[in-house]
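Notes follow the structure.
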Amino acid sequence: MKVGFYIHHTTISAGGIFTYTVGILKELIKSTEIEKVFVITSNEVNEKFKEILSDSKLQVVNINRNDFSVKLKLYVYFLLLTFSILLRKIIPSIKLIESLFHISNKINPYTKVLMENNLSVFHVPVQYSPVYKINVPVIITMHDLQEYHYPEFFSVREKIHRKINNQLAIFCSDHIIVSFKHVKDDILKYFRINSNKVSVCPPPFSESWFLSKDESTWEMLSSRFGLKQKYLLYPAATWKHKNHLSLIRVLKKLREQEKDISLVCTGNKTEYFKEIQSLIDELDLSKAVHFLGIVPEEDLIGLYKNSSLVVIPTLYEAGSGPLYEAMRYGIPVVCSNVTSLPETMGSSEFMFNPNNSEEMLTRIKKGLFDEEFRKRNVQNSRDRMKILEKNNYAECFLNTYKKLLS
């Protein structure tokens with residue numbers, strides 16, 4: 001089996017999507033049923049993925065998305081594709097729609113690459129594929145439909161963008177993979193497609209999602225970032241649903257009792273970070289809250305291992321890489337009780353309602369100061385990891401590929 005695997009250039013800064021992509025790629029490399037994986041990507045990705053892309057089973061095909069002609073072709077392609085979808089609702093002419101698809105795919109630079117290499121399937125581990133409706137089955141991973149749960153977190157422009165692209169992805173792809181059942185339920189509820197088109201394939205929890213095998217020492221981290229020990233760690237991009245504001249308010253209350261505790265956050269700083277910084281200034285926590293941005297993997301691993309407690313207060317999560325990594329490293333961790341997190345954590349003792357600041361504060365204090373709680377937490381993580389590591393994650397993806405080919 002020859003598999004095409006797409007790595008979008010924004011994956012580098014996409015946090016959980018980056019680790020998810022790495023996890024799947026590692027599983028595909030290990031599979032004896034896959035002869036070759038054609039990684040279709042762009043130049044800026046190569047450096048970040050260079051260690052894993054050097055594997056003999058992989059063949060890298062770069063498409064320069066910064067090239068003007070490529071940008072123009074993709075723009076025209078998606079314009080025609082969107083027009084054809086809208087037209088289908090008005091004029092039910094199958095021949096006309098198929099002609100538009102055919103014309104648009106001739107323009108798309110990805111079509112040639114996929115067809116020339118005689119691929120069995122094309123797996124896109126993000127929500128939107130660069131190409132649809134070709135002779136190679138296109139599989140997307142739909143991570144979430146968060147805008148239906150928290151529409152207030154999205155601008156009008158973002159809602160329109162997601163509405164159009166979700167329509168294209170769900171109706172024009174050949175199959176959809178989701179990591180957890182709640183995402184499948186959302187797709188079936190809001191888009192009313194056949195349930196057979198959506199497969200639940202758990203994210204590959206069998207090994208580290210990191211590419212780096214190194215880790216920074218505490219001396220390196222404290223010198224580089226000016227940190228002191230006894231800190232909470234929250235690795236997450238600054239999206240509204242990540243709930244940084246609630247965690248910072250809880251930190252303020254916590255420091256009234258324990259002044260030495262600080263908060264370290266990593267991940268992409270979005271536009272919303274301005275609001276977060278404003279609250280930090282308002283609460284006079286500038287010396288206690290450290291937003292480091294995207295850090296090298298070896299630094300992030302070191303930050304995990306030297307943290308007092310990992311806290312994940314998110315309001316919505318398709319799947320939490322930070323929760324998995326904290327559990328894997330045996331670091332005490334508490335998290336919100338939403339979406340897929342209870343399934344991963346496995347025990348309500350270590351979870352809290354992310355909209356209840358007192359409950360969050362109570363769990364954090366127990367995670368910091370109650371030694372028996374910390375021991376039970378780490379043991380729970382060990383037990384959960386034994387269960388998660390037994391799963392054959394590659395098999396689920398392979399079965400999905402085979403289902404399409406049959």
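The values are calculated or read from the model by the stated rules, or taken from the named source; none is laboratory data. Keep in mind the model is a prediction, meaning the values are calculated, not measured. Cβ sites come from the backbone with ideal geometry, for glycine too, and all protein chains shown count toward neighbours. We work out accessible area using only protein heavy atoms, side chains counted, and drop any ligands, DNA or RNA first. Shrake-Rupley method; radii C 1.70, N 1.55, O 1.52, S 1.80 Å.
Quick look at the values:
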{"item": "Tally of residues being under 28 Å from residue 354 (Cβ atoms), among the β-branched types (Val, Ile, Thr) and either in a loop (DSSP other than H, G, I, E, B) or open to solvent by 70 Å² or more (accessible area, probe 1.4 Å) (or both) across the range 213-257", "result": "1"}
{"item": "Residue list for the range 38-75, restricted to those being open to solvent by less than 50 Å² (accessible area, probe 1.4 Å) and either among the acidic types (Asp, Glu) or outside any helix (DSSP H, G or I) (or both)", "result": "38, 39, 40, 41, 42, 49, 57, 58, 61, 63"}
{"item": "Residue identified as in contact (Cβ under 8 Å) with a residue 40 or more places away in the chain and within 17 Å of the chain's Cα centre (by Cα) among 136, 113, 121, 183", "result": "183"}
{"item": "Residue 249 over 30 Å from residue 148 (Cα atoms) and touching a residue at least 24 places away in the same chain (Cβ under 8 Å)", "result": "no"}
{"item": "Residue 20, sole failed condition from (1) over 20 Å from the mean Cα position of the chain (by Cα); (2) in contact (Cβ under 8 Å) with a residue 40 or more places away in the chain", "result": "(1)"}
{"item": "Residue list for the range 1-37, filter: assigned to a strand (DSSP E or B) and either open to solvent by 10 Å² or more (accessible area, probe 1.4 Å) or modelled with pLDDT under 80 (or both)", "result": "2, 36"}
{"item": "In the range 82-103, the residues that are part of a helix (DSSP H, G or I) and either of a type in the set (Val, Ile, Thr) or modelled with pLDDT of 80 or more (or both)", "result": "82, 85, 90, 94, 97, 103"}
{"item": "Count - residues of the range 305-325 that are in contact with a strand residue (DSSP E or B) (Cβ under 7 Å, 6 or more places away or on another chain) and modelled with pLDDT under 95", "result": "3"}
{"item": "In the range 332-365, the residues that are without any contact (Cβ under 8 Å) to a residue 12 or more places away in the chain, open to solvent by 50 Å² or more (accessible area, probe 1.4 Å) and in a helix (DSSP H, G or I)", "result": "348, 358, 359, 362"}
{"item": "Subset tally (residues that are open to solvent by less than 50 Å² (accessible area, probe 1.4 Å) and more than 20 Å from the chain's Cα centre (by Cα)) for the range 265-290", "result": "8"}
{"item": "Pairs where the first residue, in the range 61-72, is closer than 18 Å to residue 7 by Cβ and in contact (Cβ under 8 Å) with a residue 40 or more places away in the chain and the second is hydrophobic (A, V, I, L, M, F, W, C) and open to solvent by less than 90 Å² (accessible area, probe 1.4 Å), C-beta under 9 Å, 6+ apart", "result": "61/38; 61/39; 61/40; 61/113; 63/40; 63/70; 63/113; 65/74"}
{"item": "Flag for residue 372 being farther than 26 Å from residue 214 by Cα and open to solvent by 50 Å² or more (accessible area, probe 1.4 Å)", "result": "yes"}
{"item": "Any hit, the range 320-328, residues being farther than 22 Å from residue 213 by Cα and either open to solvent by 10 Å² or more (accessible area, probe 1.4 Å) or in contact with a helix residue (DSSP H, G or I) (Cβ under 8 Å, 6 or more places away or on another chain) (or both)", "result": "no"}
{"item": "Residues (within 26 Å of the chain's Cα centre (by Cα), open to solvent by 20 Å² or more (accessible area, probe 1.4 Å) and not charged (D, E, K, R)) located in the range 375-392", "result": "378, 380, 387, 391, 392"}
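For (1) open to solvent by less than 30 Å² (accessible area, probe 1.4 Å); (2) in contact (Cβ under 8 Å) with a residue 24 or more places away in the chain; (3) among the polar types (S, T, N, Q); (4) farther than 20 Å from residue 9 by Cβ, each residue gets a yes or a no:
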| site | (1), (2), (3), (4) |
| --- | --- |
| 101 | yes, yes, no, yes |
| 106 | no, no, no, yes |
| 146 | yes, yes, yes, yes |
| 158 | no, no, no, no |
| 174 | no, yes, no, yes |
